[in-house]
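Contents: one structure, followed by commentary.
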Amino acid sequence: MNYVSKIRKFKQVGTRPARPDGDDKVTGRALYGADTVAPGMLMAAVLRSPHAHAQIVSIDFSAALAHDGVKAVVTGADLVAQDEGSLRDIQENCLATTRVLYDGHAVAAVAALTLKAAQEALKLIKVEYSALPHVIEVDDAMRADAPIVQSGRALENVPEGFSQNVTYHCQFGHGDTDAGFALADEIVTRSFKTAATHQGYIEPHACLAQMTTDGKAELWCCTQGQYNVRDICSALLGLEGSQLRVTASEIGGGFGGKTNVFIEPLALALSHKSGRPVKLVMSRSEVFRATGPTVSSSIDVKIGMTRDGRITAGRAELRYSGGAFPNETVSMGAQSAFAAYDMAAVETLGWNVLTNRPKEAAYRAPGAPMAIYAVESVVDELSQILNLDPIDVRLKNAARKGSKSSYGPTFDDVGLIETLEAAKAHPHYQAPLGPNQGRGLSAGFWFNFGGNTCVSLNVNTDGTISVIEGNPDIGGSRASISLMAAEELGVPYEKIRTIIADTASLGHNDITDGSRVTFSVGLATIKAAQDAIQKMCGRAAQIWGIDADAVTWEDGAAVPAGENAGKFPPLSLAEIAAVSFETGGPIAGHFEVNADGAGVSFGVHLCDAEVDPETGATKILRYTVFQDAGRAVHPSYVEGQMQGGAAQGIGWALNEEYIYGKDGRLQNSGFLDYRIPVASDLPRIDTVILEIPNPGHPYGVRGVGETPIVPPLGAVSNAVSRAIGKRLTQLPMSPPRILQAILKG
Amino acid sequence: MKNTHIATKVNGDGVEFTCEPDETLLEVLRNRLGLTGTKEGCGTGDCGACSVLVNGRLVCSCLVLAVETQGAEVSTIEGMASGDGLHILQQTFIDHAALQCGICTPGILIAAKALLDKNPSPTDSELRFWLAGNLCRCTGYDKIISAVQAAAAKMRAA
Amino acid sequence: MVAVTLWGTMRQYANDQEKVEVQAATFKELCDALIRDYPGMQPQIERGVSLAIDGRIYKEAWFTPISADSEVVLMPFMQGG
Amino acid sequence: MRYVAAQTAVEAVELLANEAGISRILSGGTDLLVQLKSQMIAPDLIVDVKHIPGMRDILPHEGGFRIGAAVSGAELGEHKALCAAWPGLAEGFQLIGSTQVQGRATLAGNLCNASPAADTVPCLVAAGAIVRLVGPNGSRDVAAESVIAAPGRTVLTKGEFVESIFLPARPLKSSDAYLRFTPRSEMDIAVVSCAVSVTLAPDGMIVAARVALGAVAPTVLLDSDCVKAIIGTKLEASAMAALAKAASVACNPIDDKRGTIEYRTHVAGVLARRTAQIAFDRAGA
């Protein structure tokens, strides 16, 4: 549906009230995944593979089961075997059955009276492995003679003649690229590599499961999507969906990494076997070894440009690896690589390749950051070669309303040009630079999703409102949802309380992903409010004895619609609510939708970096984020998304990476050597929110959560490349890599 | 392993507990005393989510054995607000949107308060280096720095 | 008839055409028609596809109407973070 | 596992000497607890030494300072006279871990953990620090550079532990400095590090120096060629070039997740120059 933007004046949307969960979170009362207990609870621990790739010859857990305090042991044989591809992969990833496919792959789990007893018991489990050859790097895994991670997994779209590790192929684009390159005055071709990075949420995965002998179960866990957890766990445990109630705890960060299921089925299976509640909490090392990092990539980009900065053609070939299980993340990289440009000829090819790494999990705009980094690096290099202003080059080629996007559809209103112009006009862009300093710029893009959403809105008899939604609040969404309900109903924000339902209390909601919550849940909340308003208008009409369609809603009250309807003083929401029992019963609004119309979001980041020419150390001096938010419902949390995404992207660009030894084992499974940015690594991150309303949302909202992680990779790389006068093509740009580039002469 | 009896003070209250000698203060706070406001992000002193004060010193409670707190005074996030009101730092964190997921927030509040008690007017740089051991993955630290500075100003004026 | 733009990989199942015409008034009818006319597309369509109609992306929505003059682009089914 | 908070040095020595199983000394615990958590070690006995009288004192001694083995980084950083005399050591100590870790970590612990990349060890070595050990046969003094035998291994014998560390008196116009290279600004392990202690003549010429390099060899290097390069100079360009070269030549590093041989070798020279300059400027100030 199109919500043609009547220019609406908002009273509450766009303000910055206190978040409803603020008090609980600053006092330590908020309950996260590991913060609950149950009477008689056991503690569980997981045995993980020390091999990158091995056959499981046998598992003998008799000694573990006999260990003091141990109540249950589960192995892969205890989960219900799945036939279907992706469920089967989740099952194998949760507990390996015949082969371990990466260092850290779960093999067995133990529940005991204490965590220590469970950990001791793990050491008593005898697993006989037969080691198999492994492969870690994506380019190595594509070679014909590479060790095979899984065979028979290639989809029909993979051409003949590739290693069996290649499971997926895609191609996008339009126009004649050869003809386009022939028109170019300058062509740059470069190859890039990016490392796998982890979402790095501070809260490790944690859950508390209770499964009883009558086939009922309760699960408390930190997740981005309790309904998804329910669906997967019921399949893996053989439960009816209705009998497994999943409650999402407060969530200590996710960024896509908590869209998956890892330990929950193990805890349920252990609870089933022991007849006791089971708590299972990952260690930080387990989080790094066994939960999803993003894909690692190897990318070739070729772009042609005329002397005056017009892109004539672009081509990219992307090879991604998301670990030991098939995925199609590369398709989003291939679609978005050139999304910022209005191009006559563009072609992208994508390949997914299996390696002996943990199963990829989505990470903020999955697949896009590395693809756009590669493209933005080449566009920057062309701007340098042709001595053109990098913003002017992007403005000249920017995607706009009516552009045929690199992934096919024609763009509606998109805010890229406005965003670029804001960057160009900002004082940051003109500020002087000192020696060894460089300024980098990158555009970024994300599709943004809608999806399945269900919201209930209860009008309480005291005139307050309870909003019940089903998407875990990662970054302040309860505040935004409450604001939209308050706006639509015309009641103060303080009258609203929004809660996140468990799986039994509200219909299905898709995962909190794809920057969909403020858009989709907001849409459903507005619609649920309208549903309630319609009912309240009906009650007012009855009270006044006029037709229901002669009543409208203004400023939180029912009023007669015009002169002819009759003369009655407004009936406020509170007044209608107070007599709701007398006028027909409780009042509630409801809405369910598979939301479409999520508007794409563009961002532009400016980064100033200084490089120490003797050590290759990089310091980020100044950073500014420009982004089209459609409509910033709670601007503080929009800024927060922009700043947080920028910080993660800076970490990705400079220091974060999965480091493997020759043995295929992860060498840096802790926060000491997996270096996420600390407070003293970063400058202020300035933000400029643009609001180009999304025609697909009643308030013009676009998702904002994912786009901000896309531009930093290119912005930082371009800044560093300009600072040292050498083009860098590999992330992270760790000091040894930068120094090597400087010294190479 | 034999349990040891420990008498200590937590947030001003006398507390007695028994624990095994290898249990950390973090484990005892969370699992034996029900004080789950102190979070575990890593268990190895690299993230700061478990920050508490022991005898007035800012420490990671995951790097302290509970048996070491015999006779000590321990301060946790649960003791920061007074009965009827939030501490200025807590209120300012809410007002400045300095938290998103909130898992790092208790540790950052404890650490920030320890700094302001010692240095009421830190520079941004002093603040960033002081808080370098408190990882936050959501905010990019920007609003945290603003909030602490705003709270410091209010505390100086108070 | 609706003209559907195919992404590169799907063109091999339609004689390398970038655009194909099918008789369909909804998303579901379009998927069914594509499978009928171009059986090579069946596995991908069954795994999941999105559809961009006049620039707006739809997932799963069977009864989304398509008019003959709409711009219709077939896209992979997407997943976010 | 048993935990005992020893009240006297004699008690601690007896406990350690009589333990048949694995024993560990606890002072700040910032390394020990990580090893326990990661199940690297499973000791039978932990002896907490920080309650022994004197272990948390910093006392003037023979014109220098005697630092109790359980003095934390935060406590040392609050000792103005010590920080003024040994700013490099104080900075090196403050670089270990976070503010939280500073609340617990000790010099003795950093030394006895025997990591090639320990931040305070180059500082102690450059300072000419003397480490006092107590054990079943009484106490003995060992030069800081002789305490570590190999990565993860010290010369301490069964029953011995560090009681204090002595920093000698400073001649006039003396100072020190410490720099390390890490990818992050904080919360990191040195990829390369360097400590320099210098004494200047009244005319500003370097008359005495000690240069120590960390994370470029199995143990911290106390390098005489680096010293030769700067003695009798005012760190003129030629002296600096010679120092950088000597530092790079002295390196015997490994490739690991934190750095490459090539990188460490190059940056050792850079850091030696920069550290010497800071120490020189401080001594002359």
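Which members of region D:109-142 meet the condition of being among the aliphatic types (A, V, I, L, M) and within 13 Å of the chain's Cα centre (by Cα)? Don't jump to the end; show me each part of the working.
To start, the set of residues in region D:109-142 that are among the aliphatic types (A, V, I, L, M) comprises D:111, D:114, D:117-118, D:121, D:124-127, D:129-131, D:133-134, D:142.
Scanning region D:109-142 gives D:Leu111, D:Ala114, D:Ala117, D:Ala118, D:Val121, D:Leu124, D:Val125, D:Ala126, D:Ala127, D:Ala129, D:Ile130, D:Val131.
Report yes if D:Thr157 is of a type in the set (Ser, Thr, Tyr), in contact (Cβ under 8 Å) with a residue 12 or more places away in the chain and open to solvent by 30 Å² or more (accessible area, probe 1.4 Å), otherwise no.
yes
Given the criterion touching a Lys or Arg at 6+ places or on another chain (Cβ under 7 Å) and open to solvent by less than 10 Å² (accessible area, probe 1.4 Å), identify the matching residue among A:Ala72, A:Ala30, A:Ala64.
None of the others qualify; the one that does is A:Ala72.
Given the conditions (1) surrounded by 20 or more Cβ atoms within 10 Å (Cβ to Cβ); (2) within 20 Å of C:Gly8 (Cα to Cα); (3) more than 9 Å from every other protein chain (Cβ to nearest Cβ); (4) of a type in the set (Val, Ile, Thr), report the number of the one that C:Ile45 does not fulfil.
Result: C:Ile45 passes all but (1).
Hey, could you check region A:250-281 for residues that are open to solvent by 10 Å² or more (accessible area, probe 1.4 Å) and within 13 Å of another protein chain (Cβ to nearest Cβ) and say which is nearest to A:Gln210 (Cα to Cα)?
Going through the qualifying residues, I end up with A:Lys279.
Let me spell it out: the conditions are (1) of a type outside the set (S, T, N, Q); (2) open to solvent by less than 10 Å² (accessible area, probe 1.4 Å); (3) at the interface with chain A (Cβ under 10 Å from one of its Cβ atoms); (4) closer than 22 Å to D:Ser98 by Cα, and B:Cys101 meets all of them except one. Which number is the exception?
Against the list (1) of a type outside the set (S, T, N, Q); (2) open to solvent by less than 10 Å² (accessible area, probe 1.4 Å); (3) at the interface with chain A (Cβ under 10 Å from one of its Cβ atoms); (4) closer than 22 Å to D:Ser98 by Cα, B:Cys101 comes up short only on (4).
Can you list the helices (runs of 4 or more DSSP H) found entirely within region B:68-158 that contain at least 1 residues being over 22 Å from D:Val101 (Cβ atoms) and among the basic types (Lys, Arg)? Don't jump to the end; show me each part of the working.
Details: elements: B:88-95, B:105-118, B:124-130, B:142-157.
In region B:68-158, B:142-157 are the helices (runs of 4 or more DSSP H) which contain 1 or more residues that are over 22 Å from D:Val101 (Cβ atoms) and among the basic types (Lys, Arg).
Residue under question is A:Thr15, and the condition is that it be among the β-branched types (Val, Ile, Thr), crowded, with 16+ Cβ neighbours inside 10 Å, out of contact with any helix residue (DSSP H, G or I) (no Cβ under 6 Å at 6 or more places or on another chain) and not in a strand (DSSP E or B); does it hold?
Here the answer is no, as A:Thr15 does not meet what is asked.
From the list D:Ala74, D:Ala42, D:Ala69, which one is buried (at least 20 other Cβ atoms within 10 Å of the Cβ) and without any contact (Cβ under 8 Å) to a residue 60 or more places away in the chain?
Selected residue: D:Ala74, the only one of D:Ala74, D:Ala42, D:Ala69 that is buried (at least 20 other Cβ atoms within 10 Å of the Cβ) and without any contact (Cβ under 8 Å) to a residue 60 or more places away in the chain.
Inside region B:68-90, can you point out the residues that are touching an Asp or Glu at 6+ places or on another chain (Cβ under 9 Å) and more than 19 Å from B:Thr36 (Cα to Cα)?
Within region B:68-90, B:Glu68 is the sole residue that qualifies.
How about region B:128-152: which of its residues are open to solvent by less than 10 Å² (accessible area, probe 1.4 Å), within 11 Å of chain D (Cβ to nearest Cβ) and among the hydrophobic types (A, V, I, L, M, F, W, C)?
B:Leu131, B:Ala132, B:Leu135, listed by residue number.
Quick one: count up the residues across region A:648-676 that are within 8 Å of chain B (Cβ to nearest Cβ) and without any contact (Cβ under 8 Å) to a residue 60 or more places away in the chain.
So the answer is 1.
Can you tell me which residue among A:Thr525, A:Thr453, A:Thr498 is touching a residue at least 60 places away in the same chain (Cβ under 8 Å), open to solvent by less than 10 Å² (accessible area, probe 1.4 Å), touching a Lys or Arg at 6+ places or on another chain (Cβ under 6 Å) and not small (Gly, Ala, Ser)?
Step by step, each of A:Thr525, A:Thr453, A:Thr498 is checked, and only A:Thr498 is touching a residue at least 60 places away in the same chain (Cβ under 8 Å), open to solvent by less than 10 Å² (accessible area, probe 1.4 Å), touching a Lys or Arg at 6+ places or on another chain (Cβ under 6 Å) and not small (Gly, Ala, Ser).
Name every residue in region A:671-696 that is at pLDDT below 95 and surrounded by 24 or more Cβ atoms within 10 Å (Cβ to Cβ), in order of residue number.
A:Asn694, A:Gly696
Would you point out which residue out of A:Phe602, A:Phe626, A:Phe581, A:Phe591 is surrounded by fewer than 19 Cβ atoms within 10 Å (Cβ to Cβ) and more than 30 Å from D:Thr275 (Cβ to Cβ)?
A:Phe581
Does region A:120-179 hold any residues that are within 14 Å of chain C (Cβ to nearest Cβ) and of a type in the set (S, T, N, Q), and which are they?
A:Asn157, A:Thr167, A:Gln171, A:Thr177 - these are the residues of region A:120-179 that are within 14 Å of chain C (Cβ to nearest Cβ) and of a type in the set (S, T, N, Q).
Has region B:113-133 got at least one residue that is of a type in the set (D, E, K, R), modelled with pLDDT under 95 and either over 23 Å from A:Gly253 (Cα atoms) or not assigned by TED's automatic domain parsing to the domain that holds B:Leu33 (or both)?
Our first condition is that a residue be of a type in the set (D, E, K, R); within region B:113-133, this holds for B:113, B:117-118, B:124, B:126, B:128.
Right, trim to modelled with pLDDT under 95 and you get none.
No, region B:113-133 contains no residue that is of a type in the set (D, E, K, R), modelled with pLDDT under 95 and either over 23 Å from A:Gly253 (Cα atoms) or not assigned by TED's automatic domain parsing to the domain that holds B:Leu33 (or both).
Condition first: within 18 Å of A:Tyr363 (Cα to Cα) and open to solvent by less than 20 Å² (accessible area, probe 1.4 Å). Now tell me which residues in region A:655-670 satisfy that.
A:Glu656, A:Tyr658, listed by residue number.
For residues in region B:1-37 being closer than 16 Å to B:Glu78 by Cβ and facing another protein chain (nearest Cβ under 7 Å), which is surrounded by the fewest Cβ atoms within 10 Å (Cβ to Cβ)?
B:Thr36
Tell me which residues, restricted to region D:97-133, are within 11 Å of chain B (Cβ to nearest Cβ), free of Cβ contacts under 8 Å to residues at least 60 places away in the same chain and either not in a helix (DSSP H, G or I) or not polar (S, T, N, Q) (or both).
Selection gives D:Gly103 alone.
Find the helices (runs of 4 or more DSSP H) located wholly in region A:399-518 whose residues include 2 or more that are among the acidic types (Asp, Glu), and list them.
Passing ranges, in order: A:416-425, A:477-489.
Here is a check on your reading of the model: is D:Gly97 within 19 Å of B:Leu58 (Cα to Cα), open to solvent by 10 Å² or more (accessible area, probe 1.4 Å) and within 10 Å of the chain's Cα centre (by Cα)?
no
Is it the case that some residue within region D:180-190 is farther than 29 Å from A:Tyr674 by Cβ, touching a helix residue (DSSP H, G or I) at 6+ places or on another chain (Cβ under 7 Å) and not in a loop (DSSP other than H, G, I, E, B)?
no
The values are calculated or read from the model by the stated rules, or taken from the named source; none is laboratory data. Keep in mind that this is a model prediction, so the values were computed, not measured. Note that each Cβ is placed from the backbone with ideal geometry, even for glycine, and that neighbours are counted across all protein chains shown. Just the protein is used for accessible areas: all its heavy atoms, side chains included, with ligands, DNA and RNA removed. Shrake-Rupley method; radii C 1.70, N 1.55, O 1.52, S 1.80 Å.
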